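J.: Dumping the structure here so I can ask a few things about it.
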Amino acid sequence: MSTTHAQNAPTQADFGGVGLWQTPTARMAEEGELAFTASHAQPYDRYNFSLQPLPWLEGIFRYTAVSNRLYGPDSLSGSQSYKDKSIDVKVRLWTESRYLPDLSVGARDIGGTGLFSGEYVVINKRFGAFDASLGMGWGYVGGRGDISNPLSVLSDKFDTRPDGSSGTGKLSTNHYFRGPAALFGGISYQTPWDWLVLKAEYDGNDYQHEPQHNNQKQSSPVNVGAVIRPSRNLDLSLALERGNTVVFGLSFHANMATSAAPPKLLDPPLPKRNAQAVTTTPEQVDWAKVSAALHDNAGIQVSSITRRGSEIVVSGEQDRYFYSAKAVGRAARVLDNQLGPSIDWYTVVSQQEGLSTVETSVHRQRFDELVDHDIDLSQFRRSVEQNAPTPRREQVLYSVPVHRWDQSFSFAYGQSLGGPDAFLLYQIAAVYDVDFHFTPNFWWSGAASLNLINNYDKFTYDAPSELPRVRTDVRQYMTSSNLTMPIFQLTGTRQLGNDLYGMAYAGMLESMFGGVGGEMLYRPFGQRWAIGTEIDWVKQRGYDQDFSFRDYHIVTGFVTGYFDLGYKDVLVAVSAGRYLAGDWGATLDVSREFRNGVRMGAYATKTNVSAQQFGEGSFDKGIYVSIPFDLMLPRSTLNRATFVWDPLIRDGGARLGRRYGLYSLTSDRDFDNFNGNLDKIVE
C-alpha cells in the first residue's frame, strides 16, 4: 500500500508544528500548509496555529490553558484558568540527502510570556518507513538539564540561563541556548496503512522545572502513541506521555498554496464569438453598449475608451476578478465582437481611485489564436505587453460620467482571545459601507456598524499602561455604543508623475482616531521596490465613535520601504517613524504570497519604549494569514478575509489604521502577479 502521502505530510506535535509528541523534529510541512492543532496533556490544553510560508520556515502561534492555575484574582477573572500566549519559529538549515540528514534549529515562545521558552537543534534521517530524529534542547525543551552546555567551550556565558527565560516576550539574545541542555529524539513509523502512524520519543524535559511552580510527575521519559488519519485534512492522536498521562489531540490542516478555487458557476458566461466577420469601424461602434458589456462581463467600470491608431484603449477600474488577466481576456473578447480588422491591439489601463497604474496590451490576432488553441500560452506570452501609463495623443471614442455611488452591506466578526474576562470575547455586527465620488480622484467614505450579537457583558478588564492609552481603551470603544461610525472621511488622490502618487485625507480615519494626513509613494514601473512617506495629525475619538473627540492628539508619520525579494513572492516592508503613543521606532513586516493569492506573514515593531513601559509582551508582534474569498466562492470577487494573531493589545508601537494606502492602490504594478497567472486570460 502506498505511503507517499503520509511521508510527505509529517504529523504535528503537542506544541504545534511538525514533530513527535513533546519534541520537535527537523521536518517541515509542505510550503503553504496551515494547521490548527489542539491537544490535552493534563494540566495543559494547547491550541496551536502553524504556518509554513516557505519550505524552510515554520511559524506557530499558541494559546496554552493551564487548568490548575487561575488567570488572576477572583475579582479580575473569576474561576478562569491561566492563559499563556506564545510564538515559535523553526528554520531548516539544510535538507536531507543520501548521506546527510535534515537539520533544523528552532525556538519556542520567542514572542510571548516566556514561560515555555526553549531552543533546540535537531536532525532527521529517513530509513524506509521509519523517520528518526535526534536533537539537543535548552530551556523548556531541554528541561531535564542533565548534560553540560557544549556551547560553553565558546564562552562561560552559556553556562547559566537567566531566571524567567525570556522575560515577558522580550527578544533578548542573553538567554538563547544558555544553561544546561538535554538530548531528545524519537522515531515515527508509517505503517502499511496510510491512515496510521506510530510515534515514540525520548523527552528532553523531566517536568521538574515547570513554570508557575507547577511540576508534574514523570514516570517515564518515553512517550508513545498513534496518529490516525481519517481524511487528508484531519489527524487524530492518542498517546501516553510521562508514563502516566493520556494525551488526546487533533489537527486540521490544509495546503493553502495548492488550494484551487471552485468553478465560478455564478460568473457571467464568456462572450461568444460572432459567427460572421465584423467589419465595423471604431467610429461606428455603440460604445455605450460596449461599456456596459465590459462592466457586466469583464468587471471594468469604464471611465473612457480611446483609439491610438490600430489600438483600442479601455481605461477603468476593475472591481470583480481577483486575477487581472481574467478581466483583460474577457475585455478582449467583448471588443473582438465589435470591431473590424482595422484594430490590431487591445489595451486595458488599470485605474484605482482615479490613479492609472499599468496598461496591459494584448495582440488581437495572437489572442484569437490562443483561444482557438492554435498556439500555447508560452507562445502567446510574447504578444502581451505591460507598460506604465503615459499621456499620448488619442482619439476619444467614449467618455463616462463619474460613477458616483458605491455601497455594500456585510457582516463582520471580531474577537479577542486569551484575555482575563473570558478566553473568547466576540462580536457579530452588520456593516454598511458607502462611497460618494465627487470626481474620480476625490470622494467621501462612510461606514456604520450595528452590533448584533456579542458577549461583551463579560468585557470588564482594562490592561495597565504607562503610555498614552491609544489602544488599551479598546473595551470602551467596543462596549459604549451598539451603533458606531468607524469611518467618515474625505480622500483625494493625484498622480504626481509616471511613478509618483499622492493622497490626502481628513475625517474620522478609524474607530479610535480622526484627523488629517497625507501620503506619497514612489513606485517605479518594472522595479521590485518602492518607497513612501506619510504624515498625520490625529486626535483620539470619543468612545461612542461618533463626531466627538477626547483630549489626546499627536503628529505621527513614517517612511516605508517596500522590497519584493524576487524569491517566492516574498515582500519585505520596513517602516520607521513616530507611533501613536509618541514613541519612535521601526516595524518590519515580511510576507509571502502564493500564486492563488493566499498571503502569510509576520511583523514586529520595536520602539524607544522600554520593555517595562510597554508591559507584557515587551514589543508589538504578530502573524497573519490573508485568504481571498475568490478561493472559496463560486463567483469571482476581490474581497479577502484576513486573520491576525497578535498576542497582546498594547499602546507601544501602535499605528493609525488607515482605510486606504497607496501601495495597495497601486498593486496592479506587481507584474509578477499578472505574468504568474496569465493562464487566467482565457477564463
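J.: Could you sort the peptides 135-143, 116-124 by per-residue average Cβ neighbour count (10 Å cutoff), highest mean leading?
T.: 135-143, 116-124
J.: Okay, next question. Hand me the chymotrypsin sites (Phe, Trp or Tyr not before Pro) from the range 172-249 located in a DSSP loop with no more than 15 other Cβ atoms within 10 Å, in residue order please.
T.: Numbers: sites: Tyr176, Phe177, Phe184, Tyr189, Trp193, Trp195, Tyr202, Tyr207, Phe248; in loops: Tyr176, Phe177, Trp193, Trp195, Tyr207.
When the chymotrypsin sites (Phe, Trp or Tyr not before Pro) of the range 172-249 are filtered for loop state and at most 15 Cβ neighbours within 10 Å, Trp193, Trp195 remain.
J.: While we're on this one: Arrange the residues Ser416, Ser350 by how much accessible surface each exposes, largest first, with a 1.4 angstrom probe.
T.: Per-residue accessible area, sorted high to low, gives Ser416, Ser350.
J.: Strictly over 18 Å apart at the Cα level, which of Lys83/Lys458; Lys85/Lys621; Lys272/Lys326; Lys264/Lys326; Lys125/Lys568; Lys85/Lys199 would you flag in this model? Intermediate results must be reported in sequence, preceding the final value.
T.: Details: Lys83/Lys458 16 Å; Lys85/Lys621 12 Å; Lys272/Lys326 16 Å; Lys264/Lys326 12 Å; Lys125/Lys568 27 Å; Lys85/Lys199 27 Å.
The pairs that break the limit, which is 18 Å between Cα atoms, are Lys125/Lys568; Lys85/Lys199.
J.: So what is the relative contact order of the range 387-502, in percent, for Cα pairs below 8 Å that sit 6 or more residues apart? Walk me through the numbers on the way to the answer.
T.: Numbers: 181 pairs, mean separation 27.3, N = 116.
It rounds to 23 percent for the range 387-502.
J.: While we're looking at this one, here's another question. Rounded to the nearest 20 Debye, what is the dipole magnitude of the range 26-171 about its Cα centre when Lys and Arg each give +1 and Asp and Glu each give -1 at the C-beta?
T.: In debye, rounded to 20, the range 26-171 gives about 40.
J.: Ignoring ligands, DNA and RNA, what accessible area per residue does the range 218-345 give at 1.4 Å, in Å²?
T.: Normalised by residue count, the accessible surface of the range 218-345 is 45 Å².
J.: Rounded to the nearest 10 Å², what accessible area does Phe643 show when all protein chains are kept and the probe is 1.4 Å?
T.: 100 Å²
J.: Tell me the relative contact order for the chain as a rounded percent, counting alpha carbon contacts under 8 Å between residues six or more apart. Before the final figure, lay out each step's value.
T.: Working: 1759 pairs, mean separation 65.2, N = 683.
This gives 10 percent for the chain.
J.: State to the nearest 20 debye the size of the charge dipole of the chain about its Cα centre, where the only charges are +1 on K and R beta carbons and -1 on D and E beta carbons.
T.: 300 debye
J.: Which order do the peptides 461-469, 97-105 take when ranked by the mean count of other beta-carbon atoms within 10 Å per residue, highest first? Write down the numbers at each step before the final one.
T.: Working: 461-469: 15.9, 97-105: 14.2.
In descending order of packing, they fall as 461-469, 97-105.
J.: So for Val384, Val590, what's the accessible-area order with a 1.4 Å probe, most first?
T.: Final ranking, largest accessible area leading: Val590, Val384.
J.: Right, something else. Using the alpha-carbon atoms, what tilt in degrees (0 to 90, nearest 10) does helix 287-298 show relative to the longest principal axis of the chain?
T.: Here the helix axis deviates by roughly 20 degrees.
J.: For the range 339-409, state which trypsin sites (Lys or Arg not before Pro) are in a DSSP loop and have at most 15 other beta carbons lying within 10 Å of their beta carbon.
T.: Passing sites in the range 339-409 are Arg392, Arg393, Arg404.
J.: Can you give the net charge of the other residues whose Cβ lies under 9 Å from the Cβ of Met503, counting K and R as +1 and D and E as -1?
T.: So the environment of Met503 carries a net charge of -2.
J.: Going highest first, how would you order 49-62, 309-322 by mean Cβ packing within 10 Å?
T.: 49-62, 309-322
J.: Below 8 Å, C-alpha to C-alpha, sequence gap of six or more: please give me the relative contact order for the range 576-639 in percent. Display every interim value, and only then the final one.
T.: Numbers: 94 pairs, mean separation 16.1, N = 64.
With pairs under 8 Å counted, the relative contact order is 25 percent.
J.: What accessible area, in Å² to the nearest ten, does a 1.4 Å probe give for Ile453?
T.: Taking all protein chains as shown, Ile453 has close to 90 Å².
J.: Another question about this same structure. So how exposed is Lys125, as accessible area in Å² (1.4 Å probe, rounded to 10)?
T.: Per-residue accessible area (Lys125): approximately 40 Å².
J.: What do you get for the angle between helix 324-336 and the principal long axis of the chain? Use alpha-carbon atoms, 0 to 90 degrees, nearest ten.
T.: Relative to the chain, helix 324-336 is tipped by roughly 20 degrees.
J.: For Leu238, Leu20, give me the order by solvent-accessible area with a 1.4 Å probe, most accessible first, ignoring ligands, DNA and RNA. Spell out each step's value before the answer.
T.: Values: Leu238 95, Leu20 5 Å².
Most to least solvent-accessible, the answer reads Leu238, Leu20.
J.: On a C-alpha basis, how far is the centre of the range 71-108 from the centre of the range 559-578 in Å? Whole number, if you could?
T.: 26 Å
The values are calculated or read from the model by the stated rules, or taken from the named source; none is laboratory data. Remember, it's a predicted structure, so these values are computed and weren't measured experimentally. Cβ: placed from backbone, ideal geometry, glycine included. Neighbour counts: every protein chain shown. Keep in mind that these areas ignore ligands, DNA and RNA; they rest on the heavy atoms of the full protein, side chains included. Shrake-Rupley method; radii C 1.70, N 1.55, O 1.52, S 1.80 Å.
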